[in-house]
Amino acid sequence: MKNKINIFLILLLTLGFSCNDSLEEVNIDPNTFPSAGDAQILSSAIGFMGYIVETDLNYSESFTWSQYYTWGIGVSIGNEERYVSAAGDFNGYWQRAYANSLVDLNSITKNSTSAAYRGIANVLKVYLFQGLVDHFGDIPFTEAISGAIEDGSILTPNSDSAETVIYPGLVTILDEALSDLALAESDIVGNDDFIYEGDITKWIKFANSLKLRVLMRTSETSPQASAVQALISSGDFIESIDDMPFIPYSGNSGDQNPMFARAEFGVGMFYFASNASLNVLQSLNDPRAEVLYTEATTGTFAGQLHGIDQGTIDDEPFTAPDTDYSLASEYAYSSTKPVILMSPWEVWFLRAEADARYGTSDDAETAFSTAIELNFSYMEVADAASYISSLDFAGATTLDEQIDLIAVQKWISLNGTQEDEGWIETRRFDRPASRLFTDGIFQTPPLSVLPSGSFPSAWLYPESERSLNPNALPQREITDAIFWDN
């Protein structure tokens with residue numbers, strides 16, 4: 001009898017454990033990770049970055065404020081073409097940068113045991129934080145993304161000084177990233193890295209190039225000569241198209257370039273080529289004009305490039321078809337267009353400027369020529385040498401003349417791929433020593449609410465931040481200057 005009871009208990013316990021095990025297995029979703037790993041978090045962060053860069057930045061106000069494009073026929077003229085801004089216009093960029101990409105990247109830098117993942121995440125954090133500063137100025141940085149209990153439960157972060165805290169902090173983070181990347185094993189990161197597929201050597205080049213961008217951004221207000229000289233002497237940079245960091249898109253449904261998908265979901269691409277850009281391209285006999293913009297196929301200007309002055313769509317015939325005008329080409333607008341985070345021509349222009357200003361180990365004229373050659377090559381335009389010769393960089397005998405040449409060519413080269421960076425750099429290059437863009441190139445839209453010759457230089461703080469965060473800074477004007485903008 002005793003043996004029977006023992007056997008019964010054993011069977012009961014065994015059955016109980018089996019049932020529990022079965023229930024636990026049933027309650028696990030096989031399609032959901034109990035906790036995301038580095039690979040899943042990184043791919044999520046990069047996915048959001050593609051939308052942030054291409055739609056929140058390149059296709060927003062920067063599309064027209066860079067004066068590459070102007071409002072076209074099809075809908076009422078937009079507020080950004082009149083320089084009318086509301087705080088709610090900038091909610092999306094702020095929220096997606098902080099609540100999506102930066103949260104993911106911060107999780108990796110805090111929790112990952114992989115030097116490779118930490119290094120990559122820190123490079124991308126700097127990229128996003130610099131973008132936020134360059135649009136808004138002072139922003140939450142040291143207290144940002146600290147809502148978790150272990151991080152202090154900071155739900156209403158204070159903002160930090162962009163000049164004295166954030167920009168120096170970005171250099172520190174990049175140095176940490178470079179230290180991690182130097183120790184990283186090359187086969188740790190794989191296809192979850194949509195940018196370089198785990199190529200650590202290229203991430204090191206990206207980190208150094210981004211550091212150069214940060215240091216050079218303050219060249220008009222706080223020159224960083226010694227730091228730039230040391231970096232140029234010792235760093236590996238993005239030097240070729242093969243080094244370029246970009247997020248690719250197949251063009252298939254669900255995997256289209258975000259700008260294209262966003263526009264096609266709505267009224268489509270209705271922007272026209274701005275004469276602010278076309279006039280410069282045509283005055284220089286620049287063959288890139290025909291790659292950046294389409295020719296008109298109907299009307300008086302059929303077979304030619306035909307733009308309009310900035311913000312003058314109301315002066316055009318209301319019934320005119322868009323085929324009477326030059327539109328964005330497939331180079332600038334297509335379902336498969338990659339989102340370029342930093343181009344080799346941008347980096348070579350930075351190096352040309354660095355040598356002109358600070359006398360680095362580079363040669364300014366060679367770097368200037370290399371930048372243009374690479375942009376021509378990427379655009380599949382021939383005879384860069386003749387075009388470069390016509391610019392006569394060697395004949396620019398003063399620093400201001402050299403900077404003006406670099407400024408115009410950089411602005412042209414960023415068209416179609418990095419529109420937002422083009423707008424950012426026009427603010428920096430439009431300096432008192434030149435007034436290059438406000439007096440010589442940029443056009444004041446007739447319906448602008450700003451005085452003639454005055455242009456936006458900052459974004460308003462988002463409505464969501466000022467409504468939900470009692471520690472948010474007072475609202476700014478769109479003509480306020482970011483600290484590096486002289």
Q | Rough spin-label spacing in nm, given labels placed 7 Å along Cα→Cβ, for E401 and A320 | A | 3.9
Q. When the gyration tensor of the stretch 220-326 is built from Cα positions, what are the square roots of 5 times its three eigenvalues, in whole Å, from largest to smallest?
A. 36, 22, 15
Q. If you take the C-alpha gyration tensor of the chain, multiply each eigenvalue by 5 and take the square root, what semi-axes do you get, largest first, in whole Å?
A. 45, 27, 23
Q. So which aspartates and glutamates can K125 reach, going by Cα to Cα under 13 Å and dropping same-chain residues fewer than 8 places off?
A. D104, D175, E176
Q) Based on the Cα gyration tensor of the stretch 281-381, what are the three equivalent ellipsoid semi-axes, each the root of five times an eigenvalue, rounded to whole Å and given largest first? A) 35, 15, 13
Q: Using every Cα-Cα pair within the stretch 445-486, state what percent have a distance larger than 11 Å.
A: 70
Q | For the stretch 32-144, alpha-carbon Rg relative to the globular expectation (2.2 N^0.38 Å, N residues) | A | 1.26
Q: Would you kindly state how much longer the chain becomes between A230 and N158 on full extension, computed as 0.36 nm times their sequence separation minus their alpha carbon distance, in nm to one decimal?
A: 22.6 nm
Q. What does the highest-first list of 280-290, 167-177 look like by mean Cβ count within 10 Å?
A. 167-177, 280-290
Q: Before rounding to the nearest 500, sum -39500 (n - 2.57) across all DSSP H runs of length at least 4 in the chain and divide by the residue total; then give [θ] at 222 nm in deg cm²/dmol.
A: -14000 deg cm²/dmol
(Q) Suppose every Lys and Arg Cβ carries +1 and every Asp and Glu Cβ carries -1, with no other charges. What dipole size does the stretch 173-223 come out with about its Cα centre, to the nearest 20 debye? (A) 420
Q: Take T479, project a point 7 Å from its Cα along the Cβ direction, then tell me which residues of the stretch 446-465 have their backbone nitrogen under 14 Å from it.
A: 448-458
Q) Per the Kirkwood formula on distinct C-alpha pairs, the Rh of the stretch 161-271 is how many angstrom? A) 16.6
Q.
On a full-extension model of 0.36 nm per residue, what is the gain between N91 and S250, subtracting their alpha-carbon distance, rounded to one decimal in nm?
A. 54.4 nm
Q: Using the number of other C-beta atoms within 10 angstrom as an exposure proxy, rank V339, V133 with the fewest first.
A: V133, V339
Q. Among 461-471, 342-352, 390-400, 37-47, what's the highest-first ranking by average C-beta atoms within 10 angstrom per residue?
A. 342-352, 37-47, 461-471, 390-400
Q) Quick one, what does Rg over Rh come out to for the stretch 65-203 if you take C-alpha atoms and the Kirkwood Rh? A) 1.06
Q. Label-point separation (nm) for D383 and R435, each offset 7 Å from Cα along Cα-to-Cβ?
A. 3.7
**Q.** Estimated FRET transfer efficiency when R0 is 22 angstrom, pair A182-S222 (beta carbons, to 0.05)
**A.** 0.20
Q. What FRET efficiency, computed as 1/(1 + (r/R0)^6) with R0 = 41 Å and r the Cβ-Cβ distance, is obtained for A36 and N471, rounded to the nearest 0.05?
A. 0.85
Q) Across bins of 10 angstrom width beginning at 0, how are the C-alpha pair distances of the stretch 45-100 distributed, in whole percent? A) 22, 48, 26, 5
Q | 10 °C / 1.306 mPa s Stokes-Einstein diffusion coefficient of the stretch 163-208, Kirkwood radius on C-alpha pairs, µm²/s | A | 138
Q | Stokes-Einstein diffusion coefficient of the stretch 110-183, Kirkwood radius over Cα pairs, 37 °C, 0.692 mPa s, in µm²/s | A | 252
**Q.** For the stretch 425-443 versus the stretch 266-338, the gap between their alpha-carbon centres in whole angstrom
**A.** 23
Q: Report the one residue of Y117, S85, I388 whose Cα lies farthest in the direction of the positive end of the charge dipole of the chain (charges on C-beta: Lys and Arg +1, Asp and Glu -1; origin at the Cα centre).
A: Y117
**Q.** Cα-Cα separations in the stretch 179-229 greater than 15 Å, expressed as whole percent
**A.** 55
Q.
For the stretch 337-457, take every pair of Cα atoms, bin their distances at 10 Å starting from 0, and report each bin as a whole percent.
A. 12, 42, 33, 11, 1
Q | Size descriptor, Kirkwood hydrodynamic radius, that averages inverse alpha-carbon separations across the stretch 31-73, Å | A | 12.7
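Every number in this text was worked out from the coordinates using simple rules, so none of it is lab data. In this text the structure is predicted, and so the values were computed from the model without any measurement. Cβ coordinates were reconstructed from backbone atoms using ideal geometry, including for glycine residues, and neighbour counts include every protein chain displayed.
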